[in-house]
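Below is one structure, written out as structure tokens; the observations come after it.
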Amino acid sequence: MSKKRLIWMAMGLILLGIIAWFIWGRTPKHKVTYITTPVSRNTISNSITATGTVEPITQVEVGTQVSGIIDKIYVDFNSEVKKGQVIAELDKTNLLNELASQKNSVESARVSYEYQLNNYNRYKTLFEKQLVSSYDYETAYYEFQRAKNTYESSQNDLAKAQTNLGYATIYSPIDGVVLSRDVEEGQTVAASFSTPTLFTIANDLTQMQVVADVDEADIGGVREGQNVTFTVDAYSEDTFRGYVTQVRQEATTTNNVVTYEVVINAPNPDLKLKPGLTANVSIYILEMNDVLSVPSKALRFIPEKPLIGDDDVVIDVNAPHKVWTREEKTFRAHAVETGITNGSLTEIKGGVEEGTQVITDAIIGAMPGDQIQGNGNGQQETNNPFMPSPPGGRRR
């Protein structure tokens, strides 16, 4: 090989090295990736959390107003009952004897009353003719009034005995399902100081409610009608929905923690929700659908060193709230009017059109020209043509 040929080959290698350095080896002066997202319509919501208990909307404790021995029980746990249905009976022996005794007392008092009434009428006639003394007349009147009072009192005692006999038969006060049965046949119940509970009946288990304890710091934002989601451990993969029906004013203090009870309607068509289950509740105190919005961090972005290059142009506006766009080397500010926010998304009432790509963040140290776009709800997409595509094609 000639010497001249070797020189040309060496010069060619040097030239290729210089070109490669310019293409791959030179470090760019400005290495920043700008993350953008479109102005889009979203649901802006904010929620508070609480813990509550699933309960029937209507629950009645059935008791007895008379003491005695449980003679018969006609229902059990989970029995379906109708209003007016006999569900238990007490032994009626003593009550029947009391009723018979009161009937005898009423009859005796009636005879005495009628005798004293006739006697009083005779003395009244004689007294008007001045044939008896006033003392005899007043004595007859006194005996008549006492017999009358005794007769009326015995009638009241008879009515009470009849009522007590009726109390010995226990009826269901509502249509529903028996949740608990607290007595057995042969058990003695005493109603001298308080009414003992025999059964607990729930009206309709397809309509339940959650009574949640909301912290005093959060109760100010809770209103009737707000949407609610909740979960229970028994069905950890299911999310149940309801709405606030009542915010109770009474506070409860436990270990120096003040809470307020919030009642939440909870439809239960599948009967999955059972009384007593613990519910983990989310109450949406702020919720607006189809709202034009941007990620809140777009309102905090500021194009300043080291996020901009020496050749970049910044066109700013004097406004309390603004978002930024970038076209080639130009950063442009857009004054916007903001509305509600949940911290993550902020409503845009005016200033930019839907679909405008606004800058939300910047990453220093990426390859120049990279641009990462979001989809408007916090997720991001990489539009760098040198980055690999995700499995399954382009992200939506």
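Above 31 Å lies some portion of the pair distances; for the chain, what is it as a whole percent of all C-alpha pairs?
69 percent
Can you tell me the dipole magnitude for the chain around its Cα centre, using point charges on the Cβ only (Lys, Arg +1; Asp, Glu -1), in Debye to the nearest 20? Could the numbers behind the result be given before it?
Working: 36 positive and 48 negative charges, 465 e Å.
Dipole magnitude for the chain comes out near 2240 debye.
In square nanometres, what is the average projected area of the Cα convex hull of the stretch 52-198? Let's see the in-between values first.
Values: hull surface 52.8 nm².
Result: 13.2 nm².
Modelled label-to-label distance, SER101 and LEU13, 7 Å Cα→beta-carbon offset: nm?
For SER101 paired with LEU13, the spin-label model returns 12.9 nm.
Compute the length gained on full extension between SER108 and ASP91: take 0.36 nm times their separation in residues and subtract their Cα-Cα distance, giving the result in nm to one decimal.
Full extension from SER108 to ASP91 adds 3.3 nm.
Which angle from 0 to 90°, rounded to the nearest 10, does the C-alpha axis of helix 93-128 make with the longest principal axis of the chain?
50 degrees
Output needed: percent of Cα pairs per 10 Å distance bin for the stretch 260-359, bins running from 0 to the one holding the longest distance.
Bins of 10 Å from zero give 12, 33, 20, 13, 12, 9, 2 percent of pairs.
Can you tell me what the convex hull of the Cα atoms of the stretch 155-275 projects to on average, as an area in nm²?
12.5 nm²
Just report the Cα centroid separation between the stretch 85-160 and the stretch 272-348, whole Å.
The stretch 85-160 and the stretch 272-348 have Cα centres separated by 89 Å.
Taking the Cα atoms only, what angle lies between the long axis of helix 134-167 and the longest principal axis of the chain, rounded to 10 degrees?
40 degrees
Could you tell me the ratio Rg/Rh of the stretch 297-343? Both radii from Cα atoms, Rh via Kirkwood. Show your work: numbers first, answer last.
On the way: Rg = 11.8 Å, Rh = 11.6 Å.
On the Cα set of the stretch 297-343, Rg over Rh gives 1.01.
When ranked by the protection proxy of mean other Cβ atoms within 10 Å per residue, highest first, what sequence do the peptides 247-259, 83-95 form?
Numbers: 247-259: 10.0, 83-95: 16.5.
Sorting 247-259, 83-95 by mean packing, highest first, produces 83-95, 247-259.
For the chain, with every protein chain kept in place, what is the accessible area per residue (1.4 Å probe, Å²)?
Heavy-atom SASA per residue in the chain reads 62 Å².
Taking all protein chains together and a probe of 1.4 Å, list MET9, MET288, MET208 from the most accessible to the least accessible.
MET9, MET288, MET208
Take the eigenvalues of the Cα gyration tensor for the stretch 84-165, scale each by 5, and report the square roots as semi-axes in whole Å, largest first. Display every interim value, and only then the final one.
Numbers: eigenvalues 339, 17, 12 Å².
Here the semi-axes work out to 41, 9, 8 Å.
Using +1 at the Cβ of each Lys and Arg and -1 at the Cβ of each Asp and Glu in the chain, identify which of LEU292, LEU131, THR169 lies farthest towards the dipole's positive end.
So the residue furthest toward the plus end is LEU292.
Output ³J(HN,Hα) for the stretch 50-65: one whole-Hz value per residue in order, computed from phi by the Karplus curve 6.51 cos²θ - 1.76 cosθ + 1.60 with θ = phi - 60°, and x for Gly and Pro.
Here the 3J(HN,Hα) series is 7, 10, x, 10, 6, 9, x, 5, 10, 9, 10, 8, 9, x, 9, 9 Hz.
Note the full-extension length gain between ARG41 and ILE302 as 0.36 nm times their separation in residues minus their Cα-Cα distance, in nm to one decimal.
Gain on stretching ARG41 to ILE302: 91.6 nm.
At a 1.4 Å probe radius, carbon and sulfur cover how many percent of the accessible area of the chain?
C and S atoms contribute 49 percent here.
Could you calculate the contour length gain from ASN203 to THR252, that is, 0.36 nm times the residue separation minus the distance between their Cα atoms, to one decimal place in nm?
Using 0.36 nm per residue and subtracting the Cα-Cα distance, I get 14.9 nm.
The values are calculated or read from the model by the stated rules, or taken from the named source; none is laboratory data. Nothing here was measured: the structure is a model prediction, and the numbers come from that model. We place every Cβ from the backbone using ideal geometry, glycine too, and count neighbours over all the protein chains shown. Quick note on the areas: whole protein, heavy atoms, side chains included, nothing else; ligands and nucleic acids left out. Shrake-Rupley method; radii C 1.70, N 1.55, O 1.52, S 1.80 Å.
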